[in-house]
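The values are calculated or read from the model by the stated rules, or taken from the named source; none is laboratory data. Given the structure is predicted, the values throughout are model-derived calculations rather than measurements. Ideal geometry is used to build each Cβ from the backbone, glycine not excepted, and the neighbour counts take in all protein chains shown.
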Amino acid sequence: MRNIWVICQKELHSYFVSPIAYVLLTMFSLIFGYVFWNEVRIFNLESLQAQMSGQAPPMNVNEMLIRPVLSNGLIGFIIVVLIVPLITMRLFAEEKRTGTIELLATSPIRDIEIILGKWLAALALYASLLFFTALNFGFLFKYGNPDWRPLAVGYLGLLLEGGALLAVGTFISALTRNQIIAAVGTIGVFLLLWILEWPSGYETATWAQVMAYCSVNKHYESFTKGVLDSKDAIYYISLIFLGLFLTSRSMESLRWRS
Amino acid sequence: MITVQGLTKRYAHTLAVDHISFEVQKGQIVGFLGPNGAGKTTTMRILTCFLPPSEGTATVAGFDVLDQPMEVKKRIGYLPETPPLYPEMEIGEYLTFVGKLKGMSGASLASRVEEVEERCAIADVRNKLIGKLSKGYRQRVGLAQAIIHNPEVLILDEPTAGLDPKQIIETRDLIRSLAPDHTILLSTHILPEVEQTCEQVLIINKGKLVATDSVHNLQNRARGAESVLLEVEGRNGAVDAQTIQHRLETVSGVSRVLFKETRSNRSVFEVESLKDRFIRGDLARAIVESGWNLNELRPSAVSLEEIFLQLTGGEKADEPAPAEAVVQGENQ
Ligand SMILES: Nc1ncnc2c1ncn2[C@@H]1O[C@H](COP(=O)(O)OP(=O)(O)OP(=O)(O)O)[C@@H](O)[C@H]1O
Ligand SMILES: [Mg+2]
């Protein structure tokens, strides 16, 4: 436990002394803010129209504003092809390139502690990105009275999806000593995981369903609706376990092979 | 303290270490000597549990590297060939991190970090980013990192690589000062280093152990006969080196006279005696009686270098580091 924390601290330290954390924070907050601002504008126009046409139905902030923001395709896409690969690419690749892996691997600390420490640090950075985007919604609570639960579920979904992708990214980073290759490989794999669901749009055959089930983004949908579906949560949690398990295997084989 | 038996390591296409066996006793400093690619780093990586052996066994402090790696790792301090440093950390931060990795904490860690910084002469730069240090300072931080938890066994892969001559001497002193209560295995290609630092030497070539002995014995093995360096000055510059050489060769007990160089009317020779003959007195007399000046006469030490080259097949294994020359100079 203590060792995990030692590694995690060290990783967080390197994220926050290098520009990477700040670049990601700024970039993601800006884009998210822009998406949010757009949805707010649309929401305002729609409620104005509704008033003018005299219907004045109770406009639901959760349905009409929060959900469109959370399920915005661009946000999901950026997380998958940019944020996560940029966070995970250095985790192991850099240690292998500079030889510091030799220090970690010859210290009295288990592989799994190294892996968990690194993954948790990546998750913490990712969570801090999400935290800054959540500030946008804070402002809704100031002026309105939306239901906080679907929002929390939505963020839980983002966190789980991120955690799963970070685990896979950690694994890919452990396969190479080159950060760029780790990043490109991760983006490639994630894009595949993303588009796996396409055939299910026109096919009803089992294989298409299976592919859709494996697709990362598919499982996030239910969370945006404020529904906590155990099937989807289990998918992400299994992916986390799979990613971390593969990482530990690759660390082992690194020793046996090289 | 370290026992290695039939240790073999195969990479995909290379046999890096080929059935080597040796033992290192507690408290010894052992030099691991060999040309590039001999398998030194590979052996050390196996001893530190970084790589598993393909065959054979290795135990450190009584624990097998395969069966009880955690116990081995707790007792080992390791300086890899490239010091494992994080450029974005300050020295103090880094040493604290390594200390925690090795299981230390709290006030004892903090005071140990300071102690090690003093010992490795990095205290004055402790707040500097490692990425901004020069090569020699990085090497020192690497060494500091290896001893932070006061391990029983130290494995140092070329600990003096990249250091300046003064620092090399300091590092050797540091290593020697660790000796009584640490067991040290250090690799190097620099021969004087072994002669000056180590008690015991392991010579490895192409994955095979070609000699294990004490430094003293190895030197004696090659010595047997006496070898003397002479500088002779002709009185009026008219005498040429050849005449001197012929005269020297007639001295009784001399087996061989090697002409080294001539500067103005001074010539330098290396003279070897027959086994168990003492020739210095006769040489001096012969020179003076022939009317020349004897400027210098001193025994030339048989260096490990010769033994090393003999054992590893005659080729010069490595460019001598510039620092080596300076250090040798200081010893004379
Ligand atoms: N990861 C690896 N994969 C394949 N072969 C390797 C690997 N590491 C080392 N070798 C090979 O094993 C042999 C021994 O290498 P090693 O690094 O142990 O030599 P060394 O004695 O440390 O040399 P040097 O003095 O140059 O540091 C070399 O032929 C090298 O090419
Ligand atoms: Mg080496």
Check: Which residue, of B:GLU170, B:GLU199, B:GLU158, is more than 16 Å from ligand 2 (Cβ to nearest atom) and in contact with a strand residue (DSSP E or B) (Cβ under 8 Å, 6 or more places away or on another chain)?
Finding: B:GLU199
Notebook entry, point to check: Pick from segment A:1-57 the residues that are more than 13 Å from chain B (Cβ to nearest Cβ), among the hydroxyl-bearing types (Ser, Thr, Tyr) and closer than 17 Å to A:TYR126 by Cβ: which of them is surrounded by the most Cβ atoms within 10 Å (Cβ to Cβ)?
Noted result: A:SER29
Notebook entry, point to check: Only one residue in A:ILE83, A:ILE172 is surrounded by 15 or more Cβ atoms within 10 Å (Cβ to Cβ) and over 11 Å from the mean Cα position of the chain (by Cα). Which one?
Noted result: A:ILE172
Check: Within the set of pairs 6+ apart or on separate chains, which have a first residue in segment B:38-49 that is not assigned by TED's automatic domain parsing to the domain that holds B:HIS189, a second that is in a helix (DSSP H, G or I) and more than 9 Å from ligand 2 (Cβ to nearest atom), and C-beta atoms under 7 Å apart?
Finding: none
Next item on the list: Hey, can you tell me all the residues within segment B:270-305 that are at pLDDT 65 or above and part of a helix (DSSP H, G or I)?
Entry: B:ARG280, B:GLY281, B:ASP282, B:LEU283, B:ALA284, B:ARG285, B:ALA286, B:ILE287, B:VAL288, B:GLU289
Next item on the list: Please enumerate the residues belonging to segment A:104-140 that are within 13 Å of chain B (Cβ to nearest Cβ) and either under 16 Å from A:HIS13 (Cβ atoms) or of a type in the set (S, T, N, Q) (or both).
Entry: A:LEU104, A:THR106, A:SER107, A:ILE114, A:GLY117
Next item on the list: Kindly provide the set of residues from segment B:9-37 that are more than 12 Å from ligand 1 (Cβ to nearest atom) and free of Cβ contacts under 8 Å to residues at least 60 places away in the same chain, ordered by number.
Entry: B:GLU23
Next item on the list: Enumerate the strands (runs of 3 or more DSSP E) found wholly within segment B:1-86, keeping only those where 1 or more residues are at positive phi and small (Gly, Ala, Ser).
Entry: B:2-10, B:55-60
Note to self: Every residue in segment A:104-146 that is assigned to a loop (DSSP other than H, G, I, E, B) and surrounded by fewer than 19 Cβ atoms within 10 Å (Cβ to Cβ), please.
What the structure shows: A:PRO108, A:ARG110, A:GLY144, A:ASN145, A:PRO146
Note to self: Out of the residues in segment A:91-103 meeting the condition of being facing chain B (nearest Cβ under 7 Å) and in a helix (DSSP H, G or I), tell me which one is surrounded by the most Cβ atoms within 10 Å (Cβ to Cβ).
What the structure shows: A:LEU103
Check: Among the residues of segment B:188-208, which ones are touching a Ser or Thr at 6+ places or on another chain (Cβ under 8 Å) and part of a helix (DSSP H, G or I)?
Finding: B:LEU191, B:PRO192, B:GLU193, B:VAL194, B:GLU195
Margin query: Being closer than 16 Å to B:VAL24 by Cα, away from ligand 2 (no atom under 16 Å from the Cβ) and small (Gly, Ala, Ser) is the filter here; which residues of segment B:173-196 pass it?
Written below: B:ALA179
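Table: residues versus (1) within 14 Å of chain A (Cβ to nearest Cβ); (2) not basic (Lys, Arg).
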site	(1), (2)
B:THR3	no, yes
B:GLY6	no, yes
B:LYS9	yes, no
B:HIS13	yes, yes
B:ALA16	yes, yes
B:PHE22	no, yes
B:GLN25	no, yes
B:VAL30	no, yes
B:PRO35	no, yes
Note to self: Any residue that is more than 23 Å from B:GLN200 (Cα to Cα), within 14 Å of ligand 2 (Cβ to nearest atom) and at the interface with chain A (Cβ under 10 Å from one of its Cβ atoms) - is there at least one of those in segment B:40-56?
What the structure shows: yes
Notebook entry, point to check: For segment B:82-106, which residues satisfy the criterion of being within 8 Å of chain A (Cβ to nearest Cβ), in contact (Cβ under 8 Å) with a residue 40 or more places away in the chain and touching an Asp or Glu at 6+ places or on another chain (Cβ under 9 Å)?
Noted result: B:PRO84, B:TYR86
Notebook entry, point to check: Within segment B:49-67, is there a residue that is farther than 26 Å from B:SER214 by Cβ, at pLDDT 90 or above, among the charged types (D, E, K, R) and within 26 Å of the chain's Cα centre (by Cα)?
Noted result: no
Next item on the list: Determine which single condition B:SER134 fails, assuming it passes every other condition in (1) surrounded by fewer than 16 Cβ atoms within 10 Å (Cβ to Cβ); (2) within 27 Å of B:PRO165 (Cβ to Cβ); (3) within 13 Å of chain A (Cβ to nearest Cβ).
Entry: (3)
Note to self: If the requirement is being more than 16 Å from ligand 1 (Cβ to nearest atom) and surrounded by fewer than 23 Cβ atoms within 10 Å (Cβ to Cβ), which of these qualifies: B:GLY56, B:GLY106, B:GLY77?
What the structure shows: B:GLY106
Check: Which numbered condition trips up B:LEU79, out of (1) within 14 Å of ligand 2 (Cβ to nearest atom); (2) at pLDDT below 95; (3) in contact with a helix residue (DSSP H, G or I) (Cβ under 9 Å, 6 or more places away or on another chain)?
Finding: (2)
